[in-house]
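So the structure is just underneath, and the comments pick up after that.
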Amino acid sequence: MKHLSTLEFKDAPELSADELIKKEFADFRSALEKKSADDHAALKRRLDEIEAKASRLPTGNSNNGDDALAIETKALNKFLRGGVQALDDIERKTMNIGSQASGGYVVAPEYSTRVIEKLVQFSPLRGLASVMSIGTTEVYIPVVTDQADGGWVTETGPRPTGESAFDQVDIKTYEYAGVVPVSRQLLEDSIVDLSGLLLRHLIKKFGKSEATSFMVGDGNGKPTGLLHTPGDYNQITAKQDGSDLLTKLIDTFYALPDAYASVGSWLMKRQTMGVIRKLADASTGNRTLWSDSLANGTPPTLLGRPVYEAIDMDPLVGAGSPAATTYPIAFGDYSSAYQIVDRVGMAILEDQFTGADNGIVKFRARRRVGGKPVLSEAVVLVKATA
């Protein structure tokens, strides 16, 4: 604002001080508006010049990208002046995230902290068998092989003498271990809980390997599996194509002594479950053999006893000759038939030192466990043949 001098008041004696101040303010605003209009006009002339230059595209083939750059410049000018609605189809295509120079630099990718993990399936024998903890490397479990008996006698006749016979089962524990080396910087900079993720993976993989050994382990440096020696069990023979499977399942159920059958469970692959259910649904007289559970987490039942999926069981091969005899279904009281011994549970050590010179952290995991069948009469197997 201009400074008001004494001379200006003398030149305009007809105005009061308030009126003179208002006049000066109005003059100042008028000058400011004029300057703003001039600046706007200059900016418009500059944009017109840029647009005119961008419109003068070179003719002929060009391999240096000048044509594309001119089109992008023209599209950008139109976008700044009139928004996206001022662009034609070709100009809209130039403003995309596919090219970094055309806008891709302002679009940042997003990384999810959710990690997709593959399913790890394992047989449920640990939850069905008998489990005990021990404080040494192996355990001997006494087994009664012959029970003492008496006999009918006369009033003064001799009394028979009998003794029980015993044997023992030796169950050793075996160690399962693994080491996962990880860069320390990766652990520090990862956007997910990498150490927690690795621990979950180790626990799942250890559980999978343990469950497989409990079912089919050969006892060589690992537990002896329930199905390692199938000849030890009572067997019911069925056809691989499933044509007589429902009848054989009933035979299997009643081949097991009632004391075991009343608390018994079925083990089989999920595919075998599907075969049995389809056969039962197709047979008018056998639809009640299979019953689905009405509650989540509760297994279906076959002949009133629960059915559990055992991924390590043999499949039903189907029509044709199988490569070998298979044992796709087991029914029994596994708490009586199989013994698991735990010496050291899942132990995980985060080793910060042995790989420190190379910036490596090692996750060391181990467990010691054993298992072996102890009472074969408590299980019946379905043997499938061609």
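Per-structure values
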read-out: Members of K172/K383; K248/K383; K172/K205 lying beyond 20 Å, as alpha-carbon distances in this model show; value: K172/K383; K172/K205
read-out: Charge dipole of region 207-332 about the Cα centre (unit charges at C-beta), most positive-ward option of T325, L226, T284; value: T284
read-out: Lys, Arg +1 and Asp, Glu -1 on Cβ, resulting dipole of region 288-379 about Cα centre, debye, nearest 20; value: 320 debye
read-out: Placed amide H near D312: partners under 5 Å, 5+ positions off or other chain; value: S123
read-out: Whole-number percent relative contact order across region 114-259, with pairs defined as alpha carbons under 8 Å at least 6 apart; value: 21 percent
read-out: Share of carbon and sulfur in the accessible heavy-atom surface of region 115-226 [1.4 Å probe, %]; value: 54 percent
read-out: Burial order of peptide ranges 342-349, 203-210, 135-142 (average beta-carbon count within 10 Å, highest first); value: 203-210, 342-349, 135-142
read-out: Environment charge of D258, counting only residues whose C-beta is closer than 13 Å and scoring Lys/Arg +1, Asp/Glu -1; value: -1
read-out: Local electrostatic count, M268, Cβ distance below 15 Å [Lys/Arg +1, Asp/Glu -1]; value: +4
read-out: Highest to lowest packing among 246-256, 185-195, 266-276, scored as the average C-beta count within 10 Å; value: 266-276, 246-256, 185-195
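The values are calculated or read from the model by the stated rules, or taken from the named source; none is laboratory data. Keep in mind that what you see is a predicted model, and the values were worked out from it rather than measured. All Cβ positions, glycine included, derive from the backbone under ideal geometry; neighbour counts span all protein chains shown. Heavy atoms of the whole protein, side chains included, go into the accessibility calculation; ligands, DNA and RNA do not. Shrake-Rupley method; radii C 1.70, N 1.55, O 1.52, S 1.80 Å.
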